[in-house]
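So the structure is just underneath, and the comments pick up after that.
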Amino acid sequence: MGTQTILIAVSLSLATLLLIWLSLVMAAAESAVSRVTRSSLNNLILGLQTDNELSQFSRMKRIDKVHKVQSLIIDRHATTGSCAFFRVTSNIFTGVLVACLASLFDLPEWSDLVIGLVFAFIVAFVSVKIRPRVNGARKPLDIMLKHVKVVSFAVKLTPFARSSRSEMMAKSGRDSDLSDDEELEKLQIEQGRAMVDQLVEAGAFDPEISEMLDNVLTLSTTLTREIMVPRTDMICISDETTLSSALKLFSRSGFSRIPVIGDDVDDLKGVLYLKDVVRSIAFDPDSEGRVVAPLAREAVLVPESKPVDDLFHYMQKTRHHVAVVVDEYGGIAGMVTIEDAIEQIVGELEDEHDRIQHEQPQQVGEHEWKLPARTPIAELEELFEIDIDEDDVDTVYGLLTKLLGSVPIVGSSAVTRGLRLTAADAAGRRKKIATIIVEPASQYEAPEELAKEGARESA
């Protein structure tokens, strides 16, 4: 055998091995792409954004991989079709190359064809039935992240795979952006809801119980962003605040857990617990002047796209009652508690301390009014015969929030146009300001100083 023949044999062997590898990769990806869920990708991005051990370069590189996988599962049918096309093509060319390789040894032509066909069949069998498919089913996310570049390249080379998307969706009746697990869960929810409706019609349950059962079935389709307290309504505390001031804020706000921040809300330092502050002051009264930063516990972060049922089980399992919600860019979107998830099932939760908001303004003094927080500014102008001229807010609560520059709590006050607005009380489990006292400001008070004072009190 000459040198040229040896080089050809080596080249064919390497090409054959490359095609075998490509066939196995495409088989694994074909199985994995239908099992990767959107929630798992969102959770992975959150984990990467909060992993302090990673460098910025490594973090962005891995997040870019996740984004590529997200683009692949937008049209699962097209991605699966591309993987299947390259898997079959690789198997065919593997048989052809093996047949060419066998022809170098001066074997009969029929034996070259038989060897090529048998080898192609073996590779096809292995790629479909053995380890690649198993790994794709057990570790779909790992498979897709490992081979995302190869799969993306295969999808780009097979644009014709997208043309059959509508036809395949019509035949299967499936949404292309759902994984197999998500499709099964959707079917089970629909079946469960139909069963609940039948039981209600048969009189097996009270209307309240049937409503709760229906709420349970909708937990998987309700996202955390729909039940969270938005960042604009969050009560936060600076990491340089003293323990005595923190204790006053706990008392006035009615909350037992408050986020600790640095320069702004996105600079989250942790979560401060009332019981930690009380314990620290009770055992060491001299600690009242210390800052709260050392007592802040590590905050639990959850993505805003997390389904409420997953959120509830996660918080129940980790024994956390409050979590900070982050958006897709890693910024703080809001807060959520385990009670928020429970309320999605049983409805609004209130205790004996919750006050009912007045529906109409009440005059409590000669020139003093108690107004519901949502009273329009126009009504306030009419009561006191003044022109406030605030175009970017519509309610008395919004006006007080704008004057303070932060979320009002009970006792917060500010002055504008000769009127003093004071947050009187809170209502509901979320302790939102329910009523605001409006009265003429004292002629001896400087409006600017009072506004600053109120802002400091609510900070």
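The values are calculated or read from the model by the stated rules, or taken from the named source; none is laboratory data. Predicted, not measured: the structure shown is a model, and the values here were computed from it. Neighbour counts are summed over all protein chains in view; Cβ atoms, including those assigned to glycine, are modelled from backbone coordinates with ideal geometry.
Filtering E379, E352 for residues that are more than 30 Å from S305 (Cα to Cα) and at pLDDT 80 or above leaves a single hit, E379. Scanning the range 294-309 for residues that are under 23 Å from Q49 (Cβ atoms) and either of a type in the set (V, I, T) or surrounded by fewer than 16 Cβ atoms within 10 Å (Cβ to Cβ) (or both) yields R297, E298, V300, V302, V308. Taking residues in the range 37-65 that are at positive phi and among the β-branched types (V, I, T), and partners anywhere that are assigned to a helix (DSSP H, G or I) and buried (at least 17 other Cβ atoms within 10 Å of the Cβ), not one pair has Cβ atoms closer than 6 Å while being at least 6 places apart or on different chains.
Considering each of V25, V98 in turn, give the residue that is farther than 18 Å from V150 by Cα and not in a loop (DSSP other than H, G, I, E, B). None of the others qualify; the one that does is V98. Does D286 qualify as being of a type outside the set (G, A, S), in contact (Cβ under 8 Å) with a residue 60 or more places away in the chain and either in a helix (DSSP H, G or I) or surrounded by fewer than 19 Cβ atoms within 10 Å (Cβ to Cβ) (or both)? The answer is no for D286.
Of the set (1) farther than 20 Å from P408 by Cα; (2) loosely packed, with under 15 Cβ neighbours inside 10 Å; (3) within 28 Å of the chain's Cα centre (by Cα), all apply to D263 but (1). Cβ separations smaller than 7 Å between residues 6+ apart or across chains give the following pairs from the range 258-279 residues that are in the same structural domain as C236 (by TED's automatic domain parsing) to residues that are charged (D, E, K, R) and part of a helix (DSSP H, G or I): V265/R231.
V326 fulfils the conditions (1) buried (at least 17 other Cβ atoms within 10 Å of the Cβ); (2) over 26 Å from R38 (Cα atoms); (3) touching a residue at least 24 places away in the same chain (Cβ under 8 Å) except for a single criterion, (2). Scanning the range 103-120 for residues that are part of a helix (DSSP H, G or I) and over 60 Å from the mean Cα position of the chain (by Cα), we see that the one that is nearest to A9 (Cα to Cα) is E109. Scanning the range 243-271 for residues that are closer than 24 Å to A427 by Cα and either out of contact with any Phe, Trp or Tyr (no Cβ under 9 Å at 6 or more places or on another chain) or of a type in the set (F, W, Y) (or both) yields a total of 13.
Out of F86, F57, one residue alone is of a type in the set (F, W, Y), surrounded by 18 or more Cβ atoms within 10 Å (Cβ to Cβ) and assigned to a helix (DSSP H, G or I). It is F86. May I ask you to list the residues in the range 217-275 that are under 28 Å from N42 (Cα atoms), in a helix (DSSP H, G or I) and of a type outside the set (S, T, Y)? Residues satisfying the conditions are L217, L219, R225, E226, R231, D233.
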